[in-house]
1. Using protein chains only and a probe of 1.4 angstrom, how many square angstrom of Thr243 are accessible, to the nearest 10?
2. Starting from the Cα gyration tensor of the stretch 233-291, take the square roots of the eigenvalues, sort them a ≥ b ≥ c, and report rounded, prolate or oblate (rounded when a/c is under 1.5, otherwise prolate if a/b is larger than b/c, else oblate).
3. Sort the following peptides by mean Cβ neighbour count (other Cβ atoms within 10 Å, averaged over residues), highest first: 253-259, 38-44.
4. What ratio of Cα Rg to 2.2 N^0.38 Å holds for the stretch 207-330?
5. Using a 1.4 angstrom probe on the protein heavy atoms only, could you order Met285, Met88, Met273, Met262 from most to least accessible area?
6. Any chance you could look up the accessible area of Val301 with a 1.4 Å probe, heavy atoms only, rounded to 10 Å²?
Amino acid sequence: MQSVLNTVKGTALNVAEYLTPVLKESKFRETGVLTPEEFVAAGDHLVHHCPTWQWAAGDETKTKPYLPKDKQFLITRNVPCYRRCKQMEYVGEETLVEEESGDGGWVETHQLNDDGTTQLEDKICELTMEETKEEMHTPDSDKSAPGAGAEAEDEDDDEAIDMDDFEESGMLELVDPAVATTTRKPEAEAKASPVTAASGDAEASGDSVLHTRTYDLHISYDKYYQTPRLWVVGYDEQRKPLTVEQMYEDVSQDHAKKTVTMESHPHLPGPNMASVHPCRHADIMKKIIQTVEEGGGQLGVHLYLIIFLKFVQTVIPTIEYDFTQNFNMS
(Lines give C-alpha, C1' and ligand atoms only; values in the text may rest on other atoms or scores of the structure.)
Protein backbone atom coordinates (compact mmCIF):
# COMPACT_ATOMS: atom_id res chain seq x y z
CA MET A 1 0.00 0.00 0.00
CA GLN A 2 2.84 2.38 0.91
CA SER A 3 4.55 1.76 -2.44
CA VAL A 4 1.33 2.60 -4.31
CA LEU A 5 0.98 5.86 -2.40
CA ASN A 6 4.61 6.72 -3.11
CA THR A 7 4.08 6.08 -6.83
CA VAL A 8 1.01 8.31 -6.99
CA LYS A 9 2.74 11.02 -4.99
CA GLY A 10 5.83 10.82 -7.21
CA THR A 11 3.75 11.23 -10.36
CA ALA A 12 1.96 14.26 -8.92
CA LEU A 13 5.27 15.83 -7.91
CA ASN A 14 6.68 15.32 -11.41
CA VAL A 15 3.76 17.26 -12.83
CA ALA A 16 4.19 19.96 -10.18
CA GLU A 17 7.90 20.21 -10.93
CA TYR A 18 7.17 20.66 -14.63
CA LEU A 19 4.79 23.53 -13.84
CA THR A 20 7.02 25.17 -11.23
CA PRO A 21 9.04 28.09 -12.60
CA VAL A 22 12.80 28.11 -12.22
CA LEU A 23 13.95 29.99 -9.12
CA LYS A 24 15.85 33.10 -10.22
CA GLU A 25 16.48 35.07 -7.03
CA SER A 26 18.46 33.66 -4.13
CA LYS A 27 16.42 32.75 -1.06
CA PHE A 28 19.13 30.70 0.59
CA ARG A 29 19.28 32.59 3.87
CA GLU A 30 15.53 33.16 4.17
CA THR A 31 14.21 29.68 3.34
CA GLY A 32 17.21 27.36 2.80
CA VAL A 33 16.53 26.75 -0.92
CA LEU A 34 18.86 27.05 -3.91
CA THR A 35 18.73 28.46 -7.40
CA PRO A 36 20.18 26.27 -10.17
CA GLU A 37 23.21 28.60 -10.33
CA GLU A 38 23.77 28.20 -6.59
CA PHE A 39 23.46 24.41 -6.94
CA VAL A 40 26.20 24.43 -9.61
CA ALA A 41 28.42 26.65 -7.45
CA ALA A 42 27.98 24.33 -4.46
CA GLY A 43 28.67 21.33 -6.70
CA ASP A 44 31.89 22.87 -8.00
CA HIS A 45 32.99 23.44 -4.40
CA LEU A 46 32.24 19.82 -3.50
CA VAL A 47 34.14 18.45 -6.50
CA HIS A 48 37.11 20.67 -5.71
CA HIS A 49 37.36 19.62 -2.05
CA CYS A 50 36.29 15.99 -2.54
CA PRO A 51 37.49 14.68 -5.93
CA THR A 52 35.60 11.40 -5.55
CA TRP A 53 32.56 13.43 -6.62
CA GLN A 54 32.31 14.36 -10.28
CA TRP A 55 29.81 16.13 -12.54
CA ALA A 56 27.83 14.00 -15.01
CA ALA A 57 25.77 14.89 -18.08
CA GLY A 58 23.28 12.03 -17.99
CA ASP A 59 20.97 11.09 -20.85
CA GLU A 60 20.65 13.75 -23.55
CA THR A 61 16.89 13.28 -23.78
CA LYS A 62 16.59 14.22 -20.10
CA THR A 63 18.83 17.27 -20.11
CA LYS A 64 17.46 20.11 -17.98
CA PRO A 65 17.78 23.47 -19.76
CA TYR A 66 18.27 25.41 -16.52
CA LEU A 67 21.52 23.49 -15.79
CA PRO A 68 24.76 23.32 -17.83
CA LYS A 69 24.79 20.30 -20.17
CA ASP A 70 27.92 18.86 -18.59
CA LYS A 71 26.75 19.57 -15.01
CA GLN A 72 23.35 17.98 -14.75
CA PHE A 73 24.03 16.01 -11.58
CA LEU A 74 26.86 14.86 -9.31
CA ILE A 75 28.02 11.27 -8.92
CA THR A 76 30.42 9.23 -6.80
CA ARG A 77 30.98 5.50 -7.40
CA ASN A 78 31.95 2.38 -5.46
CA VAL A 79 31.23 3.76 -1.99
CA PRO A 80 31.71 0.92 0.54
CA CYS A 81 28.95 -0.34 2.81
CA TYR A 82 30.35 -2.85 5.29
CA ARG A 83 27.37 -3.41 7.59
CA ARG A 84 23.60 -3.58 7.54
CA CYS A 85 21.64 -1.07 9.60
CA LYS A 86 20.25 -3.76 11.88
CA GLN A 87 23.82 -4.63 12.90
CA MET A 88 24.18 -1.14 14.36
CA GLU A 89 21.31 -1.63 16.77
CA TYR A 90 22.59 -2.06 20.34
CA VAL A 91 20.65 -4.45 22.55
CA GLY A 92 20.97 -3.53 26.20
CA GLU A 93 21.06 -0.54 28.48
CA GLU A 94 23.71 2.04 29.23
CA THR A 95 24.47 3.50 32.63
CA LEU A 96 26.19 6.84 33.10
CA VAL A 97 28.91 6.43 35.70
CA GLU A 98 29.93 9.71 37.26
CA GLU A 99 33.44 10.35 38.51
CA GLU A 100 33.91 11.33 42.15
CA SER A 101 35.45 14.65 41.13
CA GLY A 102 32.39 15.51 39.06
CA ASP A 103 34.52 16.59 36.13
CA GLY A 104 33.15 13.99 33.79
CA GLY A 105 31.88 10.48 33.38
CA TRP A 106 31.79 7.49 31.14
CA VAL A 107 29.18 5.10 29.86
CA GLU A 108 28.97 1.61 31.32
CA THR A 109 27.35 -0.83 28.93
CA HIS A 110 27.07 -3.74 31.42
CA GLN A 111 24.39 -3.70 34.11
CA LEU A 112 25.35 -4.82 37.62
CA ASN A 113 23.21 -7.15 39.70
CA ASP A 114 22.06 -6.20 43.18
CA ASP A 115 25.07 -7.94 44.73
CA GLY A 116 27.50 -6.01 42.53
CA THR A 117 28.30 -8.81 40.09
CA THR A 118 27.54 -8.86 36.40
CA GLN A 119 25.44 -11.41 34.59
CA LEU A 120 28.52 -12.43 32.66
CA GLU A 121 30.36 -13.29 35.89
CA ASP A 122 27.45 -15.43 37.04
CA LYS A 123 27.50 -17.39 33.78
CA ILE A 124 31.25 -17.93 34.05
CA CYS A 125 30.87 -19.17 37.64
CA GLU A 126 28.40 -21.79 36.45
CA LEU A 127 31.10 -23.36 34.30
CA THR A 128 33.01 -26.12 36.10
CA MET A 129 36.04 -28.10 35.05
CA GLU A 130 36.90 -31.45 36.57
CA GLU A 131 40.42 -32.60 35.95
CA THR A 132 42.35 -35.37 37.62
CA LYS A 133 45.99 -35.24 38.39
CA GLU A 134 46.64 -37.86 35.73
CA GLU A 135 45.24 -35.48 33.09
CA MET A 136 47.44 -32.55 34.11
CA HIS A 137 51.00 -32.56 32.84
CA THR A 138 53.38 -29.65 33.20
CA PRO A 139 57.15 -29.47 32.91
CA ASP A 140 57.44 -28.82 36.66
CA SER A 141 55.22 -31.76 37.59
CA ASP A 142 57.15 -34.06 35.26
CA LYS A 143 60.42 -33.05 36.86
CA SER A 144 59.08 -33.54 40.36
CA ALA A 145 57.53 -36.93 39.57
CA PRO A 146 59.47 -39.94 40.94
CA GLY A 147 61.48 -41.72 38.32
CA ALA A 148 61.25 -38.85 35.88
CA GLY A 149 64.96 -38.12 36.10
CA ALA A 150 65.86 -41.77 35.56
CA GLU A 151 63.68 -42.01 32.46
CA ALA A 152 65.32 -38.90 31.02
CA GLU A 153 68.77 -40.37 31.64
CA ASP A 154 67.73 -43.61 29.92
CA GLU A 155 66.58 -41.65 26.87
CA ASP A 156 69.90 -39.81 26.72
CA ASP A 157 71.78 -43.10 26.89
CA ASP A 158 70.02 -44.52 23.77
CA GLU A 159 72.17 -44.73 20.66
CA ALA A 160 71.44 -42.33 17.81
CA ILE A 161 69.75 -43.85 14.76
CA ASP A 162 72.08 -44.38 11.83
CA MET A 163 70.81 -42.35 8.85
CA ASP A 164 71.85 -45.01 6.31
CA ASP A 165 69.78 -47.62 8.10
CA PHE A 166 66.88 -45.15 8.37
CA GLU A 167 66.97 -44.51 4.61
CA GLU A 168 67.13 -48.22 3.77
CA SER A 169 64.10 -48.89 5.94
CA GLY A 170 61.97 -46.70 3.67
CA MET A 171 60.86 -44.31 6.43
CA LEU A 172 61.86 -41.29 4.34
CA GLU A 173 59.14 -42.12 1.83
CA LEU A 174 56.38 -41.76 4.40
CA VAL A 175 54.32 -38.58 4.23
CA ASP A 176 54.74 -36.35 7.22
CA PRO A 177 51.23 -35.19 8.29
CA ALA A 178 52.74 -31.87 9.39
CA VAL A 179 53.76 -31.09 5.81
CA ALA A 180 51.14 -29.44 3.59
CA THR A 181 50.29 -31.30 0.41
CA THR A 182 48.51 -29.96 -2.67
CA THR A 183 46.16 -31.70 -5.01
CA ARG A 184 44.99 -30.67 -8.48
CA LYS A 185 41.52 -29.17 -8.48
CA PRO A 186 38.95 -30.34 -11.00
CA GLU A 187 38.72 -28.15 -14.10
CA ALA A 188 35.21 -27.00 -13.18
CA GLU A 189 36.43 -25.67 -9.81
CA ALA A 190 39.51 -24.08 -11.37
CA LYS A 191 37.33 -22.04 -13.72
CA ALA A 192 35.16 -20.78 -10.88
CA SER A 193 35.60 -17.21 -9.69
CA PRO A 194 38.00 -16.88 -6.71
CA VAL A 195 35.55 -14.61 -4.91
CA THR A 196 32.66 -17.02 -5.44
CA ALA A 197 34.71 -20.00 -4.33
CA ALA A 198 35.94 -18.19 -1.24
CA SER A 199 32.46 -17.11 -0.23
CA GLY A 200 31.06 -20.59 -0.86
CA ASP A 201 33.76 -22.22 1.26
CA ALA A 202 33.16 -19.71 4.02
CA GLU A 203 29.44 -20.42 4.08
CA ALA A 204 30.03 -24.18 4.11
CA SER A 205 32.52 -23.97 6.97
CA GLY A 206 30.50 -21.43 8.92
CA ASP A 207 33.31 -18.85 8.95
CA SER A 208 32.47 -15.18 9.35
CA VAL A 209 33.32 -13.30 6.16
CA LEU A 210 32.80 -9.57 5.67
CA HIS A 211 30.61 -9.15 2.58
CA THR A 212 31.10 -5.60 1.31
CA ARG A 213 28.43 -3.91 -0.74
CA THR A 214 29.13 -0.82 -2.81
CA TYR A 215 26.90 2.08 -3.76
CA ASP A 216 26.83 4.73 -6.46
CA LEU A 217 25.47 8.02 -5.14
CA HIS A 218 23.95 10.81 -7.23
CA ILE A 219 22.97 14.36 -6.27
CA SER A 220 20.46 16.08 -8.53
CA TYR A 221 18.68 19.42 -8.35
CA ASP A 222 14.98 19.18 -7.53
CA LYS A 223 13.22 21.99 -9.33
CA TYR A 224 10.00 21.70 -7.30
CA TYR A 225 11.57 21.69 -3.83
CA GLN A 226 14.52 23.82 -5.03
CA THR A 227 17.00 21.73 -3.07
CA PRO A 228 19.51 18.95 -3.78
CA ARG A 229 18.20 15.38 -3.89
CA LEU A 230 20.21 12.23 -3.13
CA TRP A 231 19.90 9.01 -5.16
CA VAL A 232 21.53 5.67 -4.33
CA VAL A 233 21.94 2.37 -6.20
CA GLY A 234 23.66 -0.61 -4.60
CA TYR A 235 25.69 -3.58 -5.81
CA ASP A 236 26.91 -6.82 -4.24
CA GLU A 237 30.49 -8.15 -4.30
CA GLN A 238 30.08 -9.38 -7.88
CA ARG A 239 28.81 -5.92 -8.93
CA LYS A 240 25.30 -7.25 -9.41
CA PRO A 241 22.53 -4.74 -8.60
CA LEU A 242 20.88 -5.19 -5.22
CA THR A 243 17.17 -5.77 -4.96
CA VAL A 244 14.91 -3.13 -3.46
CA GLU A 245 14.62 -5.03 -0.19
CA GLN A 246 18.39 -5.48 0.01
CA MET A 247 18.93 -1.74 -0.38
CA TYR A 248 16.37 -1.05 2.33
CA GLU A 249 18.62 -3.10 4.65
CA ASP A 250 21.15 -0.26 4.38
CA VAL A 251 18.59 2.45 5.17
CA SER A 252 17.64 3.53 8.66
CA GLN A 253 14.42 1.74 9.56
CA ASP A 254 12.88 5.04 10.63
CA HIS A 255 13.21 6.26 7.03
CA ALA A 256 12.81 3.11 4.90
CA LYS A 257 9.82 3.32 2.53
CA LYS A 258 8.94 6.72 4.01
CA THR A 259 11.74 9.22 3.53
CA VAL A 260 13.54 6.83 1.15
CA THR A 261 11.41 5.70 -1.78
CA MET A 262 11.96 4.13 -5.21
CA GLU A 263 11.48 6.66 -8.01
CA SER A 264 12.64 7.34 -11.57
CA HIS A 265 15.92 9.21 -11.94
CA PRO A 266 15.53 12.68 -13.49
CA HIS A 267 18.62 12.32 -15.70
CA LEU A 268 19.01 8.59 -16.37
CA PRO A 269 16.78 5.97 -18.02
CA GLY A 270 16.22 2.52 -16.60
CA PRO A 271 14.73 1.09 -13.42
CA ASN A 272 13.77 3.17 -10.41
CA MET A 273 16.42 4.17 -7.91
CA ALA A 274 16.26 4.71 -4.16
CA SER A 275 15.97 8.41 -3.34
CA VAL A 276 15.97 10.44 -0.13
CA HIS A 277 12.88 12.61 -0.45
CA PRO A 278 13.78 16.33 -0.33
CA CYS A 279 10.62 17.63 1.35
CA ARG A 280 12.47 18.47 4.61
CA HIS A 281 15.85 19.52 3.22
CA ALA A 282 15.11 23.27 3.06
CA ASP A 283 13.74 23.36 6.63
CA ILE A 284 16.79 21.57 8.02
CA MET A 285 19.16 23.86 6.13
CA LYS A 286 17.28 26.93 7.34
CA LYS A 287 17.69 25.83 10.96
CA ILE A 288 21.41 25.25 10.41
CA ILE A 289 21.80 28.72 8.88
CA GLN A 290 20.00 30.29 11.85
CA THR A 291 22.15 28.38 14.33
CA VAL A 292 25.35 29.55 12.63
CA GLU A 293 24.19 33.17 12.52
CA GLU A 294 23.14 33.11 16.19
CA GLY A 295 26.69 32.05 17.00
CA GLY A 296 28.06 35.07 15.16
CA GLY A 297 29.08 33.18 12.01
CA GLN A 298 27.97 33.28 8.42
CA LEU A 299 27.23 30.30 6.18
CA GLY A 300 28.15 30.58 2.52
CA VAL A 301 25.94 29.00 -0.11
CA HIS A 302 28.97 27.17 -1.55
CA LEU A 303 28.99 24.94 1.56
CA TYR A 304 25.43 23.75 0.95
CA LEU A 305 26.24 20.29 -0.45
CA ILE A 306 28.93 19.56 2.14
CA ILE A 307 26.41 20.21 4.93
CA PHE A 308 23.69 18.41 2.98
CA LEU A 309 25.75 15.21 2.82
CA LYS A 310 26.34 15.31 6.56
CA PHE A 311 22.71 15.50 7.66
CA VAL A 312 21.58 12.97 5.03
CA GLN A 313 24.07 10.51 6.56
CA THR A 314 21.51 9.80 9.31
CA VAL A 315 19.24 8.19 6.70
CA ILE A 316 21.93 5.90 5.25
CA PRO A 317 24.39 5.56 8.17
CA THR A 318 26.27 2.48 6.90
CA ILE A 319 27.17 3.91 3.47
CA GLU A 320 30.54 5.53 4.12
CA TYR A 321 30.60 8.33 1.59
CA ASP A 322 31.28 11.42 3.70
CA PHE A 323 34.98 12.26 3.37
CA THR A 324 34.32 15.99 3.05
CA GLN A 325 35.78 18.73 5.20
CA ASN A 326 34.61 19.22 8.77
CA PHE A 327 31.99 21.83 9.51
CA ASN A 328 31.70 23.73 12.78
CA MET A 329 28.32 25.27 13.61
CA SER A 330 29.64 27.47 16.41
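1. We get 80 Å² for Thr243.
2. prolate
3. With the highest mean Cβ count within 10 Å placed first, the list reads 38-44, 253-259.
4. 1.17
5. I get Met88, Met262, Met273, Met285, largest accessible area first.
6. Its heavy atoms expose roughly 40 Å² to the probe.
The values are calculated or read from the model by the stated rules, or taken from the named source; none is laboratory data. The shown structure was predicted, so the numbers you read here are calculated from the model rather than taken from an experiment. Every residue, glycine as well, gets a Cβ built from its backbone with ideal geometry; the counts of neighbours run over all protein chains shown. Note: areas computed on protein heavy atoms with side chains; ligands, DNA, RNA excluded. Shrake-Rupley method; radii C 1.70, N 1.55, O 1.52, S 1.80 Å.
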